[in-house]
1. I'm trying to understand the selection: among the residues of the range 35-81, which are of a type in the set (D, E, K, R) and in contact with a Leu (Cβ under 9 Å, 6 or more places away or on another chain)?
2. Would you check if there is a residue in the range 82-91 being of a type outside the set (Asp, Glu) and either in contact with a Pro (Cβ under 8 Å, 6 or more places away or on another chain) or closer than 30 Å to Gln169 by Cβ (or both)?
3. Looking at Ser82, Ser96, which is the one that is crowded, with 18+ Cβ neighbours inside 10 Å, free of Cβ contacts under 8 Å to residues at least 40 places away in the same chain and hydroxyl-bearing (Ser, Thr, Tyr)?
4. Restricting to the range 118-149, give me the number of residues that are at pLDDT below 90 and farther than 24 Å from Val182 by Cβ.
5. Kindly list, by first and then second residue, each pair from a residue in the range 122-146 that is within 15 Å of Gln224 (Cβ to Cβ) to a residue that is among the aromatic types (Phe, Trp, Tyr) and assigned to a loop (DSSP other than H, G, I, E, B), limited to pairs with Cβ atoms under 6 Å and residues at least 6 apart or on different chains.
6. Can you tell me which residue among Asp283, Asp266 is acidic (Asp, Glu), in contact with a strand residue (DSSP E or B) (Cβ under 9 Å, 6 or more places away or on another chain) and surrounded by fewer than 19 Cβ atoms within 10 Å (Cβ to Cβ)?
7. Does any residue of the range 353-369 turn out to be crowded, with 20+ Cβ neighbours inside 10 Å, modelled with pLDDT of 95 or more and of a type in the set (Lys, Arg)?
8. Every residue in the range 295-312 that is touching a helix residue (DSSP H, G or I) at 6+ places or on another chain (Cβ under 9 Å) and of a type outside the set (Val, Ile, Thr), please.
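The values are calculated or read from the model by the stated rules, or taken from the named source; none is laboratory data. It should be emphasised that the depicted structure is a prediction, and the values quoted were computed from it without experimental measurement. Note that each Cβ is placed from the backbone with ideal geometry, even for glycine, and that neighbours are counted across all protein chains shown.
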Amino acid sequence: MNRVYLKTFGCRTNIYDSQIMAQNLKDFVLVESEAEADIVVVNSCTVTNSADSSARSYIAGLQKQGKRVILAGCGAISKGESLFADEKVFGVFGHSEKKNINALLKREERFFAPGDLKSLDETIVEDFSSRSKAFIKIQEGCDFNCSYCIIPSVRGGARSQKEEKILAQVTKLAANGYGEFVLTGTNIGSYGKDTGSSIATLLKRMSLIRGVRRIRLGSLEPVQIDDAFMEILDEPWMERHLHIALQHTSEEMLRIMRRRNALQRDLELFETIAQKGYALGTDFIVGHPGESQALWEEGLENFRRFPITHIHAFTYSKREGTHAATLKGVVNGKEAKSRLKLLEAITEENNYRFRQRHNRNLQVLVEERKGNFQSGYDQFYNRVYIDSPLDLEKEWVEIAQAEVRREGNFAKVAQ
């Protein structure tokens with residue numbers, strides 16, 4: 001029986017998609033490394049040029065080892081045709097073909113099956129091997145038209161999974177012992193707009209399922225946080241951390257980037273949620289075309305006003321086929337990296353101060369062992385390192401008080 005290794009690049013959505021593939025592999029043995037595998041399925045990311053390069057480099061290495069390489073994921077849509085034509089991969093399949101992975105991998109002739117960008121996954125994932133928390137993909141695609149983003153082109157327009165299918169999956173996973181659920185998708189804040197539901201309605205229904213202890217959300221857009229969502233922020237099952245994508249804090253840069261959010265409204269939103277005791281993360285792109293020194297300094301001054309404790313900051317990466325790729329005013333790469341490091345340093349200091357204020361009664365789901373410590377994330381999405389003689393993996397641990405260091409929170413658990 002052929003052995004298959006699934007290599008996952010990119011976001012939480014890809015992690016979930018790999019689990020769908022794994023569950024649909026019926027006639028193959030799933031292995032834990034490419035060294036053991038006859039076939040390697042590369043679940044690729046294409047959000048940046050760097051992501052594309054990483055996948056291509058990995059594929060080149062597999063070819064040298066004589067592996068049969070199959071390309072899946074977002075890169076299958078953006079780069080699959082050229083890689084297939086150049087015989088860099090044996091086969092290519094798109095998002096809608098994940099359910100057919102077993103039949104595709106049994107083919108002896110090369111194949112190109114891009115599928116469509118309109119379907120939704122039908123597979124109900126019942127187990128996440130080697131993971132303490134469960135990922136639930138609630139929607140696919142995006143209707144935004146941000147200047148820099150290729151994702152709508154490779155994942156299609158926004159479409160929501162039916163509530164009943166999501167709830168059935170959560171029920172099965174909760175019965176299998178999972179207590180933390182991470183909602184993921186391309187643009188989860190758009191959930192329900194095509195089905196008459198909403199993200200707040202879905203969360204309320206999920207919370208009623210026996211065994212659901214904590215719900216964590218992927219990235220939300222500021223304009224998607226409405227009154228109904230604000231009303232659930234005090235619920236005990238909500239993780240006290242939200243990731244709200246700003247992308248910039250200069251009003252003019254938001255216009256150039258074709259964003260739907262507005263600076264003053266964003267600031268008021270962040271301040272209101274922070275007052276409820278939430279840690280707040282964001283995405284931020286530095287070096288986007290048009291980010292002059294003056295606009296950068298304006299954005300930086302505004303950024304310091306936001307109570308941001310976690311950040312995914314990126315230097316702009318040109319993507320062919322996007323509006324930004326046609327714009328002038330490109331920022332020097334060295335300068336962009338300098339700007340990025342400054343944002344990260346500000347956020348790191350904010351996070352340290354936040355942890356000093358929120359270091360008691362931490363609810364930690366232990367995920368793994370790191371050196372002499374076992375570690376997991378608390379309700380504020382801060383990592384806690386636990387010194388204990390007990391095996392705590394996949395267990396919930398309450399930390400009465402953590403020692404706050406720059407590098408993280410530390411605690412001892414004797415029994």
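1. Taking the range 35-81 first, the residues of a type in the set (D, E, K, R) are 36, 38, 52, 56, 64, 67-68, 79, 81.
Matches in the range 35-81: Arg56, Arg68, Lys79.
2. The initial filter retains those residues of the range 82-91 that are of a type outside the set (Asp, Glu), namely 82-85, 88-91.
Imposing the further condition that a residue be either in contact with a Pro (Cβ under 8 Å, 6 or more places away or on another chain) or closer than 30 Å to Gln169 by Cβ (or both) reduces the set to 91.
The answer is yes; a qualifying residue exists.
3. Unique residue meeting the criteria: Ser96.
4. The qualifying residues number 1.
5. Ile138/Tyr191; Gln139/Tyr191
6. Checking each option against the conditions leaves just Asp283.
7. Yes, the range 353-369 contains a residue that is crowded, with 20+ Cβ neighbours inside 10 Å, modelled with pLDDT of 95 or more and of a type in the set (Lys, Arg).
8. Those that are touching a helix residue (DSSP H, G or I) at 6+ places or on another chain (Cβ under 9 Å) and of a type outside the set (Val, Ile, Thr): Leu295, Trp296, Glu298, Gly299, Leu300, Asn302, Phe303, Arg304, Arg305, Phe306, Pro307, His310.
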